[in-house]
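> First the structure, then my questions, so here it is.
The values are calculated or read from the model by the stated rules, or taken from the named source; none is laboratory data. These figures come from a predicted structure and were not determined experimentally. Glycine also receives a Cβ, built like all others from the backbone with ideal geometry; neighbour counts cover every protein chain displayed.
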Amino acid sequence: MVRTITAIILAAGSGKRLNSAIPKQYLKLGSRTVLDFSIDTFSSHKQIDKIIVVVNKLHHELYNKHLDDKRLEKIIMGGETRQESVYNSIRNRPHTNDDIILIHDAARPFVTNKIISEVIAKLQRSAAVIPIIKIRDTIRGINDNKVTRFSRDSLFRVQTPQSFYLEELKNLYKNNPDQIVTDEACFYEGKDNKIVVIPGTEQNFKITTNYDYEMAKMIINTKKIIRTGIGYDVHAFDKTKETESILIGATRIPYQYPIKAHSDGDVLLHALVDSILGSIGHGDIGEHFPASNKKYKNMNSEIFLEFALKQLNKVNAKINNIDIIIICEKPNFKNYKTKIITKLAKLMKIDKGLINVKATTTEKLGALGRAEGIAVQSLITIRL
């Protein structure tokens, strides 16, 4: 049978030390939760076959509210302790002899693909692999007012993910039900050549206190990359025909002449789509939906917008703001700008405050000034 590598993300803790009404794994870092970061990293790693999240039974509603679990194999209910949570996730799990388990704390949102790769690779020469960070501070023990100094040369902080062979770990849990462990590597302590250590990273810290959470938010803010995209489209009116309304920004606007177009002629959505695609360097609407293709004839432009938004999601980009300007003599958009904003926000699943729609004329200059057509320019900023 083929070896399976499964990542178990422990998210059953209550996070009492953070003193937050919301458990720390569901707190927001930017637009995502702390837990989202770990799930995203493990799901993007090519060697990880399956992901299991262990959730506190009291937090199930929180989990469903904040997370999309379509990438996960299953959700496991956690126990009263870390030991119970881990054992709940592995005890009934079928396996082959060389199946691998990675166990990671959800409160460590900045785990890297490099660390994941190393804990998998190094397991070939051991029974357990753990990332460690050397302690730089002087360490002293204090007991009954007696102070003892420890040599920091042999002291390290231990991180996750830690890797193990599933069959051996299951047996260790089963055969040592009363052993208290702070992590699964405790089962292997004192045994020659059982544990291999790899360098961890300072950024892979665990969010435990409010200070840790503030540090995490600072890291997110410094990682943002801002990009800009511009879109422009123009369409003529077909004055040989008459209609009751035209479609602008997926909103019906009363006007007597229809728009000449291959699709539905929504000039605003076309400009918006081009600005989105431009912000991520993904070409333009004509490349993806050429007018020469008959299948796009009379197509609803909301489909084009849905495609562009999917491209944004693929590169994990978030919208900062959108500024749109409609240029025409007729029709008058004074009473429709708010309706357009509301419709766009609904289609894009973003806050209305991120969208601005303006309308202007060319003071009767040129083709637009002669009311021969309508143009729209869209400017978008995103953060990666």
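> Among the residues of the range 201-212, is any among the hydrophobic types (A, V, I, L, M, F, W, C), closer than 30 Å to Ala121 by Cβ and surrounded by 15 or more Cβ atoms within 10 Å (Cβ to Cβ)?
At the first step, the residues of the range 201-212 found to be among the hydrophobic types (A, V, I, L, M, F, W, C) are 205, 207.
Cutting the leftovers down to closer than 30 Å to Ala121 by Cβ gives us 205, 207.
The next check asks that each one be surrounded by 15 or more Cβ atoms within 10 Å (Cβ to Cβ); those that pass are 205, 207.
Yes; the residues of the range 201-212 include at least one that is among the hydrophobic types (A, V, I, L, M, F, W, C), closer than 30 Å to Ala121 by Cβ and surrounded by 15 or more Cβ atoms within 10 Å (Cβ to Cβ).
> Another question, if that's okay. What strands (runs of 3 or more DSSP E), lying completely within the range 99-189, carry at least 2 residues that are touching a helix residue (DSSP H, G or I) at 6+ places or on another chain (Cβ under 7 Å)? Talk me through it step by step, then tell me what you get.
Details: elements: 100-105, 128-134, 139-143, 146-150, 156-158, 162-165.
By residue number, 100-105, 128-134, 162-165.
> If you scan the range 222-248, which residues turn out to be loosely packed, with under 12 Cβ neighbours inside 10 Å and not acidic (Asp, Glu)?
The initial filter retains those residues of the range 222-248 that are loosely packed, with under 12 Cβ neighbours inside 10 Å, namely 222-223, 225-226, 240-242, 244.
Of everything in the range 222-248, those that are loosely packed, with under 12 Cβ neighbours inside 10 Å and not acidic (Asp, Glu) turn out to be Thr222, Lys223, Ile225, Ile226, Thr240, Lys241.
> Which one of these does Ile341 not meet: (1) buried (at least 16 other Cβ atoms within 10 Å of the Cβ); (2) within 20 Å of Arg227 (Cα to Cα)?
Only one criterion is unmet by Ile341, namely (2).
> Right, here's the next one. Evaluate the following for Lys334: is it assigned to a helix (DSSP H, G or I) and farther than 16 Å from Asp233 by Cα? Give the derivation first.
Numbers: assigned to a helix (DSSP H, G or I): no; farther than 16 Å from Asp233 by Cα: yes.
Here the answer is no, as Lys334 does not meet what is asked.
> Moving to a separate point now. Taking the range 37-62, which residues are in contact with an Asp or Glu (Cβ under 6 Å, 6 or more places away or on another chain) and of a type in the set (Lys, Arg)?
Answer for the range 37-62, where residues must be in contact with an Asp or Glu (Cβ under 6 Å, 6 or more places away or on another chain) and of a type in the set (Lys, Arg): just Lys50.
> Could I ask something else about it? What number of residues in the range 190-230 are assigned to a strand (DSSP E or B) and either in the same structural domain as Asn171 (by TED's automatic domain parsing) or under 27 Å from Arg32 (Cβ atoms) (or both)? Give the derivation first.
Taking the range 190-230 and keeping what is assigned to a strand (DSSP E or B), we get 195-199, 226-230.
Keeping just the survivors that are either in the same structural domain as Asn171 (by TED's automatic domain parsing) or under 27 Å from Arg32 (Cβ atoms) (or both) gives 195-199, 226-229.
The qualifying residues number 9.
> Moving on. Could you look through the range 208-232, keep only residues that are over 18 Å from the mean Cα position of the chain (by Cα) and hydrophobic (A, V, I, L, M, F, W, C), and pick out the one that is nearest to Pro131 (Cα to Cα)?
Among them, the one singled out is Met215.
> Still on this model: So if I check each of Thr201, Thr160, Thr228, Thr209, which one is of a type in the set (Ser, Thr, Tyr) and either touching a Ser or Thr at 6+ places or on another chain (Cβ under 6 Å) or over 30 Å from Ile90 (Cα atoms) (or both)? Full working, then the answer.
Values: Thr201 fails: either touching a Ser or Thr at 6+ places or on another chain (Cβ under 6 Å) or over 30 Å from Ile90 (Cα atoms) (or both); Thr160 fails: either touching a Ser or Thr at 6+ places or on another chain (Cβ under 6 Å) or over 30 Å from Ile90 (Cα atoms) (or both); Thr209 fails: either touching a Ser or Thr at 6+ places or on another chain (Cβ under 6 Å) or over 30 Å from Ile90 (Cα atoms) (or both).
When all the criteria are applied, what remains is Thr228.
> If you take the residues in the range 270-300 that are closer than 12 Å to Ile322 by Cα and of a type outside the set (Val, Ile, Thr), which one is nearest to the chain's Cα centre (by Cα)?
Only one residue tops the list, namely Ser279.
> Considering only the range 137-149, I want to know if a residue exists there that is farther than 19 Å from Leu10 by Cβ and surrounded by 11 or more Cβ atoms within 10 Å (Cβ to Cβ).
Kept after step one, since they are farther than 19 Å from Leu10 by Cβ, are these residues of the range 137-149: 137-149.
Subsequent filtering for residues that are surrounded by 11 or more Cβ atoms within 10 Å (Cβ to Cβ) retains 139.
For the range 137-149, residues farther than 19 Å from Leu10 by Cβ and surrounded by 11 or more Cβ atoms within 10 Å (Cβ to Cβ): present.
> When the range 351-370 is examined, which residues are found to be surrounded by 17 or more Cβ atoms within 10 Å (Cβ to Cβ) and either outside any helix (DSSP H, G or I) or among the β-branched types (Val, Ile, Thr) (or both)? Before the answer, list the steps.
Here is the first cut: in the range 351-370, the residues surrounded by 17 or more Cβ atoms within 10 Å (Cβ to Cβ) are 354-355, 357, 359, 368.
If the condition is that a residue be surrounded by 17 or more Cβ atoms within 10 Å (Cβ to Cβ) and either outside any helix (DSSP H, G or I) or among the β-branched types (Val, Ile, Thr) (or both), then Ile355, Val357, Ala359 are the ones that fit.
> Would you confirm, using the coordinates I've provided, whether Leu379 is part of a helix (DSSP H, G or I) and either modelled with pLDDT of 95 or more or under 31 Å from the mean Cα position of the chain (by Cα) (or both)? Walk me through it before giving the result.
On the way: part of a helix (DSSP H, G or I): no; either modelled with pLDDT of 95 or more or under 31 Å from the mean Cα position of the chain (by Cα) (or both): yes.
So Leu379 fails the test.
> Hey, another quick one. For Ile374, only one of the following conditions fails: (1) more than 35 Å from the chain's Cα centre (by Cα); (2) assigned to a loop (DSSP other than H, G, I, E, B). What is its number?
Ile374 satisfies all of (1) more than 35 Å from the chain's Cα centre (by Cα); (2) assigned to a loop (DSSP other than H, G, I, E, B) except (2).
> Let me ask something else about it. Residues of the range 118-131 being within 32 Å of the chain's Cα centre (by Cα) and surrounded by 15 or more Cβ atoms within 10 Å (Cβ to Cβ), which ones? Please lay out each step first, then the result.
First, the residues of the range 118-131 that are within 32 Å of the chain's Cα centre (by Cα): 118-124, 128-131.
Scanning the range 118-131 gives Glu118, Val119, Ile120, Lys122, Leu123, Ala128, Val129, Ile130, Pro131.
> Here is a follow-up. Can you tell me which of (1) under 20 Å from His235 (Cα atoms); (2) under 30 Å from the mean Cα position of the chain (by Cα); (3) buried (at least 20 other Cβ atoms within 10 Å of the Cβ) is the one Ile322 doesn't meet?
Every condition holds for Ile322 apart from (1).
> Identify, from the list Ile355, Ile350, Ile340, Ile325, the residue that is among the β-branched types (Val, Ile, Thr) and touching a residue at least 60 places away in the same chain (Cβ under 8 Å). It would help to see each step written out before you state the result.
On the way: Ile355 fails: touching a residue at least 60 places away in the same chain (Cβ under 8 Å); Ile350 fails: touching a residue at least 60 places away in the same chain (Cβ under 8 Å); Ile325 fails: touching a residue at least 60 places away in the same chain (Cβ under 8 Å).
None of the others qualify; the one that does is Ile340.
> Suppose we keep only residues that are assigned to a loop (DSSP other than H, G, I, E, B) and crowded, with 19+ Cβ neighbours inside 10 Å within the range 12-44. Which one would you say is modelled with the lowest pLDDT?
Gly15
> Filtering the range 10-30 down to residues that are without any contact (Cβ under 8 Å) to a residue 60 or more places away in the chain and in contact with a Ser or Thr (Cβ under 8 Å, 6 or more places away or on another chain), which residue is farthest from Thr208 (Cα to Cα)?
My answer is Tyr26.
> Looking at Gly265, Gly281, which is the one that is modelled with pLDDT under 95 and closer than 30 Å to Phe37 by Cα?
Of Gly265, Gly281, the one residue that is modelled with pLDDT under 95 and closer than 30 Å to Phe37 by Cα is Gly281.
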